[in-house]
1. Of all residues in segment 110-125, count the ones that are more than 17 Å from GLY68 (Cβ to Cβ) and assigned to a helix (DSSP H, G or I).
2. Is it the case, given these coordinates, that GLY31 is on the phi < 0 side of the Ramachandran plot and at pLDDT 85 or above?
3. Could you tell me which of the residues GLY66, GLY19 is closer than 14 Å to LEU116 by Cα and either modelled with pLDDT of 90 or more or outside any helix (DSSP H, G or I) (or both)?
4. Those residues that are surrounded by 15 or more Cβ atoms within 10 Å (Cβ to Cβ), more than 15 Å from the chain's Cα centre (by Cα) and in contact (Cβ under 8 Å) with a residue 24 or more places away in the chain, I need them from segment 72-100; list them, please.
5. Restricting the first residue to segment 46-71 and requiring it to be closer than 23 Å to PHE124 by Cα, which pairs with a second residue that is of a type outside the set (S, T, N, Q) and outside any helix (DSSP H, G or I) meet a Cβ separation below 8 Å and a spacing of at least six or different chains?
6. If you check VAL107, VAL103, which single one turns out to be assigned to a helix (DSSP H, G or I) and either without any contact (Cβ under 8 Å) to a residue 12 or more places away in the chain or under 13 Å from the mean Cα position of the chain (by Cα) (or both)?
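The values are calculated or read from the model by the stated rules, or taken from the named source; none is laboratory data. Quick caveat: nothing in here was measured; it's all calculated off a predicted structure. Cβ atoms come from the backbone with ideal geometry, glycine included; neighbour counts cover every protein chain shown.
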Amino acid sequence: MTERPLLITLIGLIHLLLGLVFALGGAAIAGGMAAELADLAPVDGMLVTLVGAGVLIFGLVNLTIGWGFLRGWAIMWYLGVIFNAIGLLLSISGIVTAMTVSVLPLVLYGVILYYLFRPQVKGFFGI
């Protein structure tokens, strides 16, 4: 295993931070706290719980990816590529539907995907 590239540390920390935010937000939504705070009485409670559970799972996966990036686990390289590719595709669909705010995530996901395929990064993950 080679020395961890600096940007992998940054990408891992970003995944950890995003995972923490999504996990806490998903838990709040699934627990119904967000619906109560926002006074969303007409919203179906089961739908809110399902969305919250999905966000919670997404957050937990991001936490795992972030930790795996910091540890150099090869399987997390694959999950990182998959999740960043999905983010890239969602950004493209956002641009197609005239949401220009999706340009920044598109660039970010593109740069991360490009970087993950660099030889020194793949070497760090043992790929």
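1. Looking only at that region, the number is 5.
2. Criteria not met by GLY31.
3. Result of the check over GLY66, GLY19: GLY66.
4. GLY72, TRP73 - these are the residues of segment 72-100 that are surrounded by 15 or more Cβ atoms within 10 Å (Cβ to Cβ), more than 15 Å from the chain's Cα centre (by Cα) and in contact (Cβ under 8 Å) with a residue 24 or more places away in the chain.
5. LEU70/ARG4
6. Checking each option against the conditions leaves just VAL107.
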